[in-house]
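Chemist: Below is a structure I'd like to ask you about.
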Amino acid sequence: NALKELDKFYSFYILNCVKVLEPIINSIICKIGLEMSFILTGKGDFDILLKKGKDEYSYKELSSGQRLLLSIAFQLSLLLDRGDIGIILADEGFGNLDTETMISLYEMLKELPFQIVSIVHRFESVSRDINIIDLNKELYDREKISS
């Protein structure tokens with residue numbers, strides 16, 4: 001019984017610690033029309049509930065791209081909570097994202113005190129707020145000039 005009670009207390013404590021980050025996470029993901037909340041399940045565990053409009057999803061129902069967006073928002077909220085700013089490097093970190101999810105990711109990062117440097121092999125839709133260095137084009141232009 002004591003272990004069960006300790007487990008319940010631990011879940012409750014962790015949930016309350018994480019709940020502090022909930023408004024920060026929501027300030028990030030609201031830019032892409034999402035809202036998130038941490039909930040305590042009947043089993044004493046906590047789950048993530050994600051809302052988009054009138055639709056609700058549990059963490060288990062999210063696609064891998066949606067999970068990555070939420071994970072990045074969670075990590076950014078930890079940095080914001082500590083008052084950190086800086087550069088985020090993502091080497092091939094977004095290579096498996098579809099275009100819509102990748103655009104959502106960049107939308108989330110807007111107006112945050114972070115700059116992101118990422119390497120991607122494809123990016124069809126480009127926002128005016130994103131500076132892109134196309135290495136293929138740069139190499140082609142250099143070869144053209146030198147010949």
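The values are calculated or read from the model by the stated rules, or taken from the named source; none is laboratory data. Just so you know, these numbers come straight off a predicted model, no measurement behind them. Methodologically, a virtual Cβ is constructed for each residue, glycine included, from the backbone with ideal geometry; neighbour enumeration extends over all protein chains shown. In case anyone asks, the SASA skips ligands and DNA or RNA and just uses the protein heavy atoms, side chains included. Shrake-Rupley method; radii C 1.70, N 1.55, O 1.52, S 1.80 Å.
Chemist: Show me, for segment 7-20, the HN-Hα J-couplings you get by feeding each phi into the Karplus relation (A = 6.51, B = -1.76, C = 1.60, θ = phi - 60°), rounded to Hz, glycine and proline as x.
Modeler: Those phi angles translate into 4, 5, 4, 4, 4, 5, 5, 4, 4, 5, 5, 6, 4, 4 Hz.
Chemist: While we're on this one: Spelling out what I want: for every residue of segment 95-109, take phi, set θ = phi - 60°, compute 6.51 cos²θ - 1.76 cosθ + 1.60 (Karplus), and round to whole Hz; glycine and proline get x.
Modeler: Ordered by residue, 3J(HN,Hα) equals x, 9, 7, 6, 4, 4, 5, 5, 5, 4, 4, 5, 5, 4, 7 Hz.
Chemist: While we're looking at this one, here's another question. If all Cα-Cα distances of segment 8-69 are sorted into 10 Å bins from 0 onward, what percent lands in each bin, rounded to whole numbers?
Modeler: Using 10 Å bins, I get a P(r) of 21, 52, 25, 2 for segment 8-69.
Chemist: Okay, next question. Tell me the per residue accessible area of segment 56-121 using a 1.4 Å probe; a whole number in Å² is fine.
Modeler: Using a 1.4 Å probe on heavy atoms only, each residue of segment 56-121 averages 61 Å².
Chemist: Given +1 on the Cβ of Lys and Arg, -1 on the Cβ of Asp and Glu, and no further charges, what dipole in debye does segment 1-85 carry about its Cα centre, rounded to the nearest 20?
Modeler: 100
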